[in-house]
Amino acid sequence: MIAPRLEIDLDKISHNARVLVERLIAKGISVTGVTKASCGSLDIARAMLRGGVKGLGDSRIENIEGMRRSGVSESMTLLRSPMLSQTDRVVANADLSLNTEVEVLAGLSRSGQRLDRMHGIVLMVELGDLREGIMPEDLLAIARETVALPNLELRGIGTNLACRSGVSPDARNMAELSALAVSIEDALGLRLDIVSGGNSANLDWALEDSEIGRINDLRLGESILLGCETLHRQPIDGLHCDAITLVAEVIESKTKPTRPWGEIAQSAFGEQKLPVDRGPISQTILALGRQDTDPEGLSPPPGNRVIDASSDHLLVESSARAPEVGSEMRFGLNYSAMARAMASPFVARVSSPQSGRITAPQ
């Protein structure tokens, strides 16, 4: 079998999506399945759809275009604010986009007129995390401008929390988002059909708080793929946390000292370190590195510990029997490790059981 590779259990992903969809529907909240961490994987997109998500979201128009070419017809949302240089592509392929800038809205309107297509708009509001978002006091004015632009339809408002600064979704900021939705509806005489409260970080609030207000959509990726909530990375009851596994091959297995010798300068990644001398250890090297994944986000099998990595070598200390050269080691992943492995051209993907598809490294 080719290595390194991501082994993707599509049934587990569908199960995770289905469980979250059912729990949130009971609260009046639908789920947009987010495919950006998988680089728009068609297998994963279809697994999410089988699990009942209402539509798909991705942050890159290239991924949306790829899914469209592969026959995905369900509603798609561009999650990252569109580039002005890509508005034609956005209108041609995405049903909705999340927006913050009037100039981009005008560009989408022009593209809609050229292509004779309507495009749905969700205006993103800044509620404290300081990534993307319109300041609340400016939201109504931009909503008015959006409504006035031809070939655009103001479909809703949303916010994003916990991604940049770790601000937690809670009763206060979700109530503020609900109040903003009501104020826009009252001022403009329309009904917003989307009030998107955020991402997987919202699950604790959504599933525990009885006051949901107007929030009726969450954009879920990590919780579906990895089975955990994203504020503290704790497993979610009833979900699979091992739907995606990273497998790498051993290329060296030796006993070596823990302390380097010679004059110590900076490493390849600008670090200067002198480890504590713990005597000889069983050191394993795998054909995997920082170009392929985030080493700090890997969970090796019991009895093994990731101790370092260069661009193309992963170093593991083994307390049990040393692995043999040519054998494989399996790793659990956090979001950072998964996203980088999905994006690496050197990591294959093996999906099972539905497709049996192998996407080989380029």
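Along Cα→Cβ, 7 Å out, is where each label goes; now give me the distance between the ones at L84 and A179 in nm to one decimal.
Those two pseudo-labels are separated by 3.5 nm.
Quick check: residue separation of A268 and L115 times 0.36 nm, minus the Cα distance between them. What number comes out in nm? Display every interim value, and only then the final one.
On the way: separation 153, 0.36 × 153 = 55.08 nm, distance 4.93 nm.
My answer for the length gained is 50.1 nm.
How big is the gap, in Å, between the Cα center of segment 1-78 and the Cα center of segment 135-174?
Measuring centre to centre over Cα atoms gives 24 Å.
At 7 Å along the Cα-to-beta-carbon direction for both E22 and A148, put a label point, then send me their distance in nm to one decimal.
With each label placed 7 Å out from Cα toward Cβ, I get 4.9 nm.
For the chain, what does -39500 (n - 2.57) per DSSP helix run (n ≥ 4), summed and divided by total residues, give at 222 nm, in deg cm²/dmol to the nearest 500? Could the numbers behind the result be given before it?
On the way: 10 runs with 103 residues, N = 362.
The per-residue figure over the chain is -8500 deg cm²/dmol.
When the dipole is taken about the Cα centre of the chain, and only Lys, Arg (+1) and Asp, Glu (-1) are charged at their Cβ, what size is it in debye, to the nearest 20? Don't jump to the answer; show the numbers that get you there.
Details: 38 positive and 48 negative charges, 172 e Å.
Roughly 820 debye for the chain.
About its Cα centre, what dipole magnitude does segment 244-359 give when the only charges are +1 on Lys and Arg Cβ and -1 on Asp and Glu Cβ, stated in debye to the nearest 20? Walk me through the numbers before you get to the answer.
Numbers: 12 positive and 13 negative charges, 49 e Å.
The dipole magnitude comes to about 240 debye.
Antiparallel as a % of all DSSP beta bridges within the chain, to the nearest 5? Before the final figure, lay out the partial values.
Numbers: 29 of 63 bridges.
DSSP beta bridges in the chain are roughly 45 percent antiparallel.
What is the log10 of I(q)/I(0) for the chain, computed with the Debye formula using one identical point scatterer on each Cα and no solvent, at q = 0.09 Å⁻¹?
Log-scaled intensity ratios, in q order: -0.57.
Compute and list, largest first, the equivalent-ellipsoid semi-axes of segment 1-68 from the alpha carbon gyration tensor, each √(5λ) rounded to a whole angstrom. Write out the running numbers ahead of the final one.
Numbers: eigenvalues 103, 52, 13 Å².
Ellipsoid semi-axes (Å, largest first): 23, 16, 8.
Using alpha-carbon positions, what is the distance between the centroids of segment 265-312 and segment 204-255, in Å?
Using only Cα atoms to place each centre, the spacing works out to 25 Å.
Summarise the long-distance tail of P(r) for segment 82-158 by giving the % of C-alpha pairs beyond 20 Å. Present the calculation step by step, with values, prior to reporting the outcome.
On the way: 689 of 2926 pairs.
Taking all Cα-Cα pairs of segment 82-158, the fraction more than 20 Å apart is 24 percent.
Could you give each residue of segment 83-90 its phi-based ³J(HN,Hα) in whole Hz, using Karplus coefficients 6.51, -1.76, 1.60 with θ = phi - 60°, and x for Gly or Pro?
For segment 83-90, the Karplus curve yields 6, 4, 6, 10, 4, 4, 5, 5 Hz.
Using Cα springs under 10 Å in a Gaussian network model of the chain, which residue among I194, I251, I157 shows the largest mean-square fluctuation?
Largest GNM mean-square fluctuation: I251.
Give the long-range amide H neighbours of T159: residues separated by 5 or more places, or on another chain, with amide H under 5 Å away, using H modelled in the peptide plane at 1.01 Å from N.
V125, S196, G198
State the three equivalent ellipsoid semi-axes of segment 244-359, derived from the C-alpha gyration tensor as the square roots of 5 times its eigenvalues, in descending order and whole Å.
Sorted largest first and rounded, they come to 27, 17, 11 Å.
For R278 and I2, what does the FRET efficiency come to when R0 = 41 Å and r is the distance between their Cβ atoms, rounded to the nearest 0.05?
Details: r = 35 Å, r/R0 = 0.85.
Efficiency, rounded to the nearest 0.05: 0.70.
Regarding segment 180-315, what's the average projected area of the Cα-atom convex hull, expressed in nm²?
Values: hull surface 53.5 nm².
Averaged projected hull area, Cα only: 13.4 nm².
Subtracting the Cα-Cα distance from 0.36 nm times the residue separation, let me have the gained length for S165 to D237 in nm, one decimal. Intermediate results must be reported in sequence, preceding the final value.
Working: separation 72, 0.36 × 72 = 25.92 nm, distance 2.62 nm.
Once the chain is fully extended between S165 and D237, it gains 23.3 nm.
Every number in this text was worked out from the coordinates using simple rules, so none of it is lab data. Owing to the predicted nature of the structure, the values given are computational and were not obtained by experimental measurement. All Cβ positions, even for glycine, are placed from backbone atoms using ideal geometry, and neighbour counts span all protein chains on display.
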